[in-house]
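Enquirer: Following this message is one structure expressed as structure tokens.
The values are calculated or read from the model by the stated rules, or taken from the named source; none is laboratory data. Since the structure is predicted, the reported quantities are computational estimates derived from the model, not experimental observations. Heads up, the Cβs are rebuilt from the backbone with ideal geometry, glycines too, and the neighbour counts pull from every protein chain shown. Protein only, heavy atoms only, side chains kept; ligands, DNA and RNA dropped before computing areas. Shrake-Rupley method; radii C 1.70, N 1.55, O 1.52, S 1.80 Å.
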Amino acid sequence: QVQLVESGGGLVQAGGSLRLSCAASGIIYRINSMSWYRQARGTQRELVAVIASDGSTNYADSVKGRFTISRDNAKNTVFLQMNSLKPEDTGVYYCKLVSVYNYSWGQGTQVTVSS
């Protein structure tokens, strides 16, 4: 079983930056991808960024040029550097790990961007 623990969320003013981390532990099979999703109140969870096992990345159009996803394979950790934050980036950010056999979600970390 895989445990994912997110950290780094908080309250920041518009234009500011935050760096989220997600550390995976437990029984981890070969990882296909790790990604970040977010969910604002009253909306569906949406994909923010994903990084594949080969290091390729993909981003939601709304965050391109502002957010950067990266990973430390040795530590099974994924990061999300968020710059030029906007109030519409507010939400709970979730980490997702997809392995060969299954997938796991973290509990989420709150990001609030004030205007």
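Enquirer: Quick one: go through the range 50-77 and flag any residue whose amide nitrogen is under 18 Å from the point 7 Å out along the Cα-to-Cβ line of VAL5.
Expert: The answer is 72-77, whose backbone nitrogens lie closer than 18 Å to the label point.
Enquirer: What is the set of long-range amide H partners of ASN32 at a cut-off below 5 Å, with H atoms built 1.01 Å from backbone N?
Expert: Under 5 Å from the amide H of ASN32: VAL98, SER99, VAL100.
Enquirer: So how much slack lies between SER25 and SER84, counting 0.36 nm per residue of separation and subtracting their Cα-Cα distance, in nm?
Expert: Full-extension gain reported as 18.2 nm.
Enquirer: Under 12 Å from a label point 7 Å along Cα→Cβ of ALA52: give me every residue in the range 9-37 with its amide N that close.
Expert: Residues 32-34 fall inside that zone.
Enquirer: Report THR43's accessible area, 1.4 Å probe, all protein chains in place, as a number in Å² to the nearest 10.
Expert: Rounded to the nearest 10, the figure is 70 Å².
Enquirer: Compute the accessible area per residue over the chain, keeping the other protein chains in place, probe 1.4 Å, unit Å².
Expert: In whole numbers, the chain has 54 Å² accessible per residue.
Enquirer: Also, I was wondering about something else. What does the charge count near ASP89 come to, summing +1 for each Lys or Arg and -1 for each Asp or Glu among other residues with Cβ under 14 Å from its Cβ?
Expert: With Lys, Arg at +1 and Asp, Glu at -1, the neighbours total +3.
Enquirer: Among the trypsin sites (Lys or Arg not before Pro) within the range 1-109, which fall in a DSSP loop and have no more than 13 other Cβ atoms within 10 Å of their own Cβ?
Expert: Taking the range 1-109 and a limit of 13 other Cβ atoms within 10 Å, the loop trypsin sites (Lys or Arg not before Pro) found are ARG30, ARG41, LYS64.
Enquirer: Within the chain, what is the longest stretch that has no chymotrypsin sites (Phe, Trp or Tyr not before Pro) placed in a DSSP loop and near at most 13 other beta-carbon atoms within 10 Å?
Expert: 30-100
Enquirer: So if each residue of separation counts as 0.36 nm, and I subtract the Cα-Cα distance between SER104 and ASN32, what length gain in nm does that give?
Expert: Full extension from SER104 to ASN32 adds 24.7 nm.
Enquirer: Quick one: dipole size for the range 37-115, taken about the Cα centre, charges +1 on Lys/Arg Cβ and -1 on Asp/Glu Cβ, in debye to the nearest 20. Numbers along the way, then the final one.
Expert: Working: 9 positive and 6 negative charges, 25 e Å.
Using only the charged Cβ atoms, the result is roughly 120 debye.
Enquirer: Simple spin-label model, 7 Å along Cα-to-Cβ: ARG45 to ALA60 in nm?
Expert: The answer from the label model is 1.3 nm.
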